[in-house]
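Let me give you the structure first, and then I'll get to my questions.
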Amino acid sequence: MASWALVTGASVGIGESFTRLLAENNYNIVLVARDLPRLQERARGLEEKYCVQTHIIQADLATDAGCLSVEKYIAENQVDVLINNAGFGINKAFTVSALEAEQQLLDVLVRTPMRLMHVAIPAMKQRDRGVVINVSSVASFIAGGTYSASKSYLTVLSESLHTELAGTKVKVSALCPGFTRTEFHQRGRMSMKGLPKFMWLNSDDLVEKAWSDALKGEPISIPGWQYQLMIFIIQRLPRSVVRKVGMNLRKKQRK
């Protein structure tokens, strides 16, 4: 039976990189995103270049209907790899942001990956094989608003599931990248002018590392020496300092 991988946020950035890496590894790909023309274009490209099968699910994962459509697909079809990648950021402080936007962020970054894993993992466990990669962030180690809080949930839940499934062949890993050259910051209208060039990561490179780490059974993958060093330092600093760093970084992005 052919193996299938499902990727949310599959049309651009890290998600798009994952679709190519998995297709190169002979997985058929289920692409999930909102932008139907882009999804169709990506699907055609994968089929032509890698000779794999594709399936498209057009879904807004901020909505109940969108999330349920992906849950239903996973429940009715064998998914061997789940990449929870869809996400976005809010370029406003919590005290002045729109409540609707905060709810959407929570639904996309927390509710959806939790529900998709809750459907996918029991079936993987029964088959005793499968890979789940949750695209979190180095922001999960700092205190930078609701984005950090949501990514912290994803990192901690990944670690917990990794431990729970240690006696099986089901792999769960959190990918925690730093600043990556995608459309993420432009979409969130975040200012990144002051960030040094060496802090930017390449999407294809970090996805390759994340896949390798997941297969090795690593609970957390942090691509890039600069971010590995940063997390090493952050984990040894007083939380009062970490909180200030996190909020100062958020303020700079809002300029």
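The values are calculated or read from the model by the stated rules, or taken from the named source; none is laboratory data. Everything quoted here is computed from the prediction, not taken from an experiment. Note: ideal-geometry Cβ built from the backbone for every residue, glycine included; neighbour counts use all protein chains shown.
Where residues in segment 168-187 are surrounded by fewer than 20 Cβ atoms within 10 Å (Cβ to Cβ) and modelled with pLDDT of 95 or more, which of them is farthest from the chain's Cα centre (by Cα)?
THR168
Do we find a residue being of a type in the set (S, T, N, Q), touching a residue at least 40 places away in the same chain (Cβ under 8 Å) and part of a helix (DSSP H, G or I) anywhere in segment 41-57?
Initial filter on segment 41-57 (of a type in the set (S, T, N, Q)): 53-54.
Narrowing the set further to residues that are touching a residue at least 40 places away in the same chain (Cβ under 8 Å) leaves 53.
Going one step further and asking which of them are part of a helix (DSSP H, G or I), we end up with none.
No, the conditions are met nowhere in segment 41-57.
So if I check each of ALA143, ALA101, ALA149, ALA120, which one is among the aliphatic types (A, V, I, L, M) and assigned to a loop (DSSP other than H, G, I, E, B)?
Details: ALA101 fails: assigned to a loop (DSSP other than H, G, I, E, B); ALA149 fails: assigned to a loop (DSSP other than H, G, I, E, B); ALA120 fails: assigned to a loop (DSSP other than H, G, I, E, B).
On inspection, the qualifying residue turns out to be ALA143.
Considering segment 59-95 alone, what residues qualify as being in contact (Cβ under 8 Å) with a residue 60 or more places away in the chain, more than 18 Å from the chain's Cα centre (by Cα) and part of a loop (DSSP other than H, G, I, E, B)? Before you say what the answer is, go through the steps one by one.
Looking only at segment 59-95, we keep the residues that are in contact (Cβ under 8 Å) with a residue 60 or more places away in the chain, and these are 70, 73-74, 77-93.
Restricting the remaining residues to those that are more than 18 Å from the chain's Cα centre (by Cα) gives 73, 77-78, 91-93.
Result: ASN77, GLN78, ASN91, LYS92, ALA93.
What single numbered condition from (1) in contact with a Gly (Cβ under 7 Å, 6 or more places away or on another chain); (2) part of a helix (DSSP H, G or I); (3) among the hydrophobic types (A, V, I, L, M, F, W, C); (4) surrounded by fewer than 24 Cβ atoms within 10 Å (Cβ to Cβ) fails to hold for LEU109?
Every listed condition holds for LEU109 apart from (4).
Among the listed residues ALA59, ALA143, ALA120, identify the single one that is modelled with pLDDT under 95, more than 20 Å from ASP204 (Cα to Cα) and touching a helix residue (DSSP H, G or I) at 6+ places or on another chain (Cβ under 6 Å).
Working: ALA59 fails: modelled with pLDDT under 95; ALA120 fails: modelled with pLDDT under 95.
Only one candidate qualifies: ALA143.
Filter segment 211-226 down to the residues that are at pLDDT 85 or above and assigned to a loop (DSSP other than H, G, I, E, B), then identify the one that is nearest to ASN134 (Cα to Cα).
Residues of segment 211-226 at pLDDT 85 or above: 211-223.
Among the residues that remain, those that are also assigned to a loop (DSSP other than H, G, I, E, B) are: 217-219, 222-223.
Details: GLY217: 14, GLU218: 12, PRO219: 10, ILE222: 12, PRO223: 14 Å.
Filtering first and then ranking leaves PRO219.
Rundown of residues vs (1) modelled with pLDDT under 70; (2) farther than 14 Å from PHE141 by Cβ; (3) surrounded by 17 or more Cβ atoms within 10 Å (Cβ to Cβ), yes/no style:
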position: ARG189; (1), (2), (3): yes, yes, no
position: LYS209; (1), (2), (3): no, yes, yes
position: ILE233; (1), (2), (3): no, no, no
position: ARG239; (1), (2), (3): no, no, no
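When you go through LEU229, LEU165, LEU195 one by one, which is the residue that is at pLDDT below 80 and more than 22 Å from PHE18 (Cα to Cα)?
Details: LEU229 fails: at pLDDT below 80; LEU165 fails: at pLDDT below 80.
Exactly one of LEU229, LEU165, LEU195 is at pLDDT below 80 and more than 22 Å from PHE18 (Cα to Cα), namely LEU195.
I'm told ALA43 meets every condition in (1) within 19 Å of ASP107 (Cβ to Cβ); (2) crowded, with 16+ Cβ neighbours inside 10 Å except one. Can you identify the failing condition by its number?
Among (1) within 19 Å of ASP107 (Cβ to Cβ); (2) crowded, with 16+ Cβ neighbours inside 10 Å, the lone unmet condition for ALA43 is (1).
Considering (1) small (Gly, Ala, Ser); (2) surrounded by fewer than 20 Cβ atoms within 10 Å (Cβ to Cβ); (3) in contact with a Phe, Trp or Tyr (Cβ under 8 Å, 6 or more places away or on another chain), say which one ALA123 fails and leave the rest.
Status for ALA123: all satisfied but (3).
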